[in-house]
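Below is one structure, written out as structure tokens; the observations come after it.
The values are calculated or read from the model by the stated rules, or taken from the named source; none is laboratory data. Keep in mind that what you see is a predicted model, and the values were worked out from it rather than measured. Note that we place each Cβ from the backbone using ideal geometry, even for glycine, and neighbour counts take in every protein chain shown. The accessibility values were calculated without ligands, DNA or RNA, using every heavy atom of the protein model including side chains. Shrake-Rupley method; radii C 1.70, N 1.55, O 1.52, S 1.80 Å.
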Amino acid sequence: MAVTKASDGEPAEELVPVGVKLGSTRTVIVYPDGDERVAVESMTCLTTYRDVLVDEQRRLYGEDAATEYPDESQFMIRNGLPVDAESTDLASTFFSELLAGNGIPRNSAVVYAIPAIDNEAGLRHFERVVEESPIGRGPVRSYPESLCGALPVFEERLDAIDEVFATVNLGGTIFEACAYRYGEQLAQWSTSSITGNRVDRRIANYVEAETQGRVNIDATTAREYKEGHADFESYEPFTDVVQQPGGGSHEFTVECSVMDAVDEYVDQAVEAITTGFLVDLERAYPDIYDRALDRPIVLTGGMACIPGLANVFATRLGQALQHDITLTHAERPDLAAAQGAYEIAARLIEVE
Ligand SMILES: Nc1ncnc2c1ncn2[C@@H]1O[C@H](COP(=O)(O)OP(=O)(O)OP(=O)(O)O)[C@@H](O)[C@H]1O
Ligand SMILES: [Mg+2]
């Protein structure tokens, strides 16, 4: 076990492993609390408001910001990286507040799960967030989000690093697919047009159409509908109530908006895999292509939480490819990347 050096009479403290995924929608931090491994989740958003009593600006982050200020809250991450200097400042503030709010120790080895996309500016912004964060006195590394997210699927978690397999990451602002050969990423393919956020927007549009224009929901509400109700195994129509501009309330039922939107999402995902990712993989690495299709493809990312989605996806992908396809995912695909990052951080401490 690695121990950091005591300085100025401070007692030496053990390094603790921390796994982080700073996602466009949610940030997840996994760390040990006593003998337990805990996961902290927060919406990756921040807002400021004026405290009317003391006339000061105050900051609010996470779920409170998203629900109390749905229009003003800023989601500052895109594809796992801040887009510009301003969103880097926001991300840095958000991350530091989240760490402080949960008492995540400074004496830590930290692994960040990040998207493996070619975005030099984004990576530089991200590095600043990491540098400005109070954690990580021990080793600090980053690994691809989809590799981290696949680790919890394997029996011995770090076994993934000795395997050949394909992954598909179903994120909020990105859809990524790639193959891994002993931890090395091959034939990375991504698009920002098949995403959880787009599904949310589509749900909002469909709800408007389904209610003959009477109901307009915001993106936060659409996401809540999706996360709370989308289910390929046992979807049930549900009702909600909106306040009307002129006073009074209007109750309505959502019959098919949510499932139509996620159904189309799966079709688009199948199309992207068959006509994009797999074409590239077969061309560049024909042996890896054969091996990757003959074993379970690992789904990662929050959209894989939708019950039954993996089965529907596997069936449609199998039909399109005329080949039996198995898909698998961690028990909690939304937490898996941070859990996998935590496992790597724990290993870094062992080998220090
Ligand atoms: N239980 C759930 N049911 C349905 N959808 C979910 C669930 N949990 C999360 N999602 C959706 O998954 C998406 C977020 O996935 P994920 O957490 O992997 O993205 P991210 O890493 O924050 O974003 P990105 O990869 O784009 O940076 C969002 O669209 C979110 O609404
Ligand atoms: Mg992601």
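If you average over every viewing direction, what projected area does the convex hull of the Cα atoms of the chain give, in nm²? It would help to have the intermediate numbers written out before the result.
On the way: hull surface 84.9 nm².
Mean projected area of the Cα convex hull: 21.2 nm².
Go through 207-220, 263-276 and give me the packing order, highest mean Cβ count within 10 Å leading.
On the way: 207-220: 15.4, 263-276: 18.0.
Peptide ranking by packing, descending: 263-276, 207-220.
Once you have the Cα-Cα distance between GLU271 and SER193, take 0.36 nm times their residue separation minus that, and quote the gain in nm to one decimal.
Numbers: separation 78, 0.36 × 78 = 28.08 nm, distance 1.23 nm.
Stretched fully, the GLU271-SER193 segment lengthens by 26.9 nm.
Could you work out the local net charge near CYS178, counting Lys and Arg as +1, Asp and Glu as -1, over the other residues with Cβ closer than 11 Å to its Cβ?
Numbers: positive: ARG181; negative: GLU145, GLU176, GLU184, ASP280.
For residues surrounding CYS178, the net value is -3.
Of ALA284, ALA337, ALA304, which has the largest mean-square fluctuation in a 10 Å C-alpha GNM of the chain?
Fluctuation is largest for ALA284.
With every protein chain kept in the model, how would you rank ASP290, ASP35 by accessible area, 1.4 Å probe, largest at the top?
On the way: ASP290 90, ASP35 165 Å².
I get ASP35, ASP290, largest accessible area first.
What's the center-to-center distance, using Cα atoms, between segment 10-66 and segment 103-170 in Å?
17 Å
Kindly list the residues of segment 64-91 that lie in the label zone of VAL52, defined by a backbone N under 11 Å from the point 7 Å along the Cα-to-C-beta vector.
Of the residues in segment 64-91, none has backbone N under 11 Å from the label point off VAL52.
Count the net charge of all other residues whose Cβ sits under 11 Å from the Cβ of SER192, scoring Lys and Arg as +1 and Asp and Glu as -1.
Numbers: positive: ARG78, ARG198; negative: GLU176.
That works out to +1.
Could you give the accessible area per residue of the chain, probe 1.4 Å, as a whole number in Å²? Could you put the intermediate results ahead of the total?
Values: 16820 Å² over 352 residues.
That works out to 48 Å² for each residue.
Based on a Kirkwood Rh over C-alpha pairs, give the Stokes-Einstein translational diffusion coefficient of segment 44-105 at 25 °C and viscosity 0.890 mPa s in µm²/s.
Values: Rh = 12.3 Å.
This corresponds to a translational diffusion coefficient of 200 µm²/s.
Ranked from highest to lowest mean number of other Cβ atoms within 10 Å per residue, what is the order of the peptides 236-243, 306-313?
On the way: 236-243: 11.1, 306-313: 19.5.
With the highest mean Cβ count within 10 Å placed first, the list reads 306-313, 236-243.
Hey, how many Å between the Cα centroid of segment 299-352 and the Cα centroid of segment 212-246?
That distance is 27 Å.
Per the Kirkwood formula on distinct C-alpha pairs, the Rh of segment 201-313 is how many angstrom?
Computed over Cα pairs of segment 201-313, the Kirkwood hydrodynamic radius comes out at 16.3 Å.
In percent, how large is the relative contact order of the chain, given Cα pairs closer than 8 Å and 6 or more residues apart? Don't jump to the answer; show the numbers that get you there.
On the way: 695 pairs, mean separation 70.6, N = 352.
This gives 20 percent for the chain.
Tell me which residues come under 5 Å, amide H to amide H, from LEU327 once H is placed; ignore anything under 5 positions away on its chain.
Residues meeting the criterion, in which the H sits 1.01 Å from N, are ILE297.
Please find the FRET efficiency linking ASN205 to ASP294, where r is the Cβ-Cβ separation and R0 is fixed at 41 Å, and quote it to the nearest 0.05.
Computed FRET efficiency for ASN205 and ASP294 comes out at 0.55.
Net charge within 9 Å of ARG26 by Cβ-Cβ distance, Lys/Arg positive one each and Asp/Glu negative one each, not counting ARG26 itself? Please list the in-between numbers first.
On the way: positive: LYS21; negative: GLU41, ASP334.
Residues near ARG26 contribute -1 overall.
Tell me the carbon and sulfur percent of the accessible area for the chain, rounded to whole percent, probe radius 1.4 Å.
About 42 percent, which is the carbon plus sulfur part of the accessible surface.
Could you sort the peptides 82-89, 50-57 by per-residue average Cβ neighbour count (10 Å cutoff), highest mean leading?
Numbers: 82-89: 17.2, 50-57: 7.9.
Averaged packing, sorted descending, gives the order 82-89, 50-57.
Under the definition of Cα pairs under 8 Å and six or more residues apart, what whole-number percent is the relative contact order of segment 109-210?
Details: 125 pairs, mean separation 19.9, N = 102.
Normalised by residue count, the contact order of segment 109-210 is 20 percent.
Give me the accessible area of MET259, 1.4 Å probe, in Å² rounded to the nearest 10.
30 Å²
Tell me the Kirkwood radius of segment 42-158: reciprocal of the mean inverse pair distance over distinct alpha-carbon atoms, in Å.
Values: mean 1/r = 0.0638 Å⁻¹.
This gives a value of 15.7 Å.
Full extension from ASP162 to ARG283: what is 0.36 nm times the residue separation minus their Cα-Cα distance, to one decimal in nm?
Values: separation 121, 0.36 × 121 = 43.56 nm, distance 2.31 nm.
Once the chain is fully extended between ASP162 and ARG283, it gains 41.3 nm.
Please give the length that would be gained between ARG332 and VAL241 if that part of the chain were fully extended, namely 0.36 nm times their separation in residues minus their C-alpha to C-alpha distance (nm, one decimal). The partial results should precede the final answer.
On the way: separation 91, 0.36 × 91 = 32.76 nm, distance 3.03 nm.
Contour length minus Cα-Cα distance gives 29.7 nm.
Can you give the calculated 222 nm mean residue ellipticity of the chain, where each DSSP H run of n ≥ 4 adds -39,500 (n - 2.57) and the sum is split over every residue, rounded to the nearest 500 deg cm²/dmol? Please list the in-between numbers first.
Details: 11 runs with 132 residues, N = 352.
Only helices count here, giving -11500 deg cm²/dmol.
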